[in-house]
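Here's the structure we're looking at; comments come further down.
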Amino acid sequence: MPQVSVLIAGRTYELACGEGEEARVQELAAYVDGKVNELRRQLPGTPEFKLLVFASLLLAEESREARGVAKAAETARVTATDSADTLATALEELITARVDKMSKKVSGAA
């Protein structure tokens, strides 16, 4: 299992990760480190462990919001699909009715 070194809040951590996931783990660690550094600027003198807790809470909030957006998008997609299916059925019925009407006219004219 590959090992990757990440830097968060000025400390280096050696982590195991899946094959080929090294760059992604480093990218995520850099994102977490950025949150911690942002909090450090906003809350000078705050102990590191509290900054890490705050960063974790902010990241959890981002994750929850993203899941909410994804759920809303899925609901909108399902609604749009249902609407498209309803429209397709209505158009099919309309076309069938028109074809039947035209067939009757042609049959009656013959």
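Find the residue count for the range 60-84, including only residues that are over 30 Å from residue 35 (Cβ atoms) and either open to solvent by less than 90 Å² (accessible area, probe 1.4 Å) or among the aromatic types (Phe, Trp, Tyr) (or both).
7
Cβ contacts < 8 Å: first residue modelled with pLDDT of 95 or more, restricted to the range 28-42; second residue open to solvent by 80 Å² or more (accessible area, probe 1.4 Å) and part of a helix (DSSP H, G or I), any location; separation 6+ or different chain. Result?
Every condition considered, the pairs that remain are 39/54.
So residue 1 passes all but one of these: (1) touching an Asp or Glu at 6+ places or on another chain (Cβ under 9 Å); (2) modelled with pLDDT under 95; (3) in a helix (DSSP H, G or I). Which condition number does it fail?
The failed condition is (3).
For residue 81, only one of the following conditions fails: (1) closer than 30 Å to residue 8 by Cβ; (2) of a type in the set (Val, Ile, Thr); (3) under 29 Å from the mean Cα position of the chain (by Cα). What is its number?
Unmet condition: (1).
So if I check each of 91, 43, 51, 39, which one is under 20 Å from residue 9 (Cβ atoms), out of contact with any Leu (no Cβ under 6 Å at 6 or more places or on another chain) and open to solvent by less than 90 Å² (accessible area, probe 1.4 Å)?
The conditions single out 43.
Can you tell me which residues in the range 1-29 are hydrophobic (A, V, I, L, M, F, W, C) and either farther than 18 Å from residue 56 by Cα or open to solvent by 60 Å² or more (accessible area, probe 1.4 Å) (or both)?
1, 4, 7, 15, 16, 17, 23, 28
The values are calculated or read from the model by the stated rules, or taken from the named source; none is laboratory data. Since we're looking at a predicted model, the values are computed, not measured. Quick reminder, even Gly has a Cβ in these numbers, built from the backbone with ideal geometry, and neighbours come from all protein chains shown. The accessibility values were calculated without ligands, DNA or RNA, using every heavy atom of the protein model including side chains. Shrake-Rupley method; radii C 1.70, N 1.55, O 1.52, S 1.80 Å.
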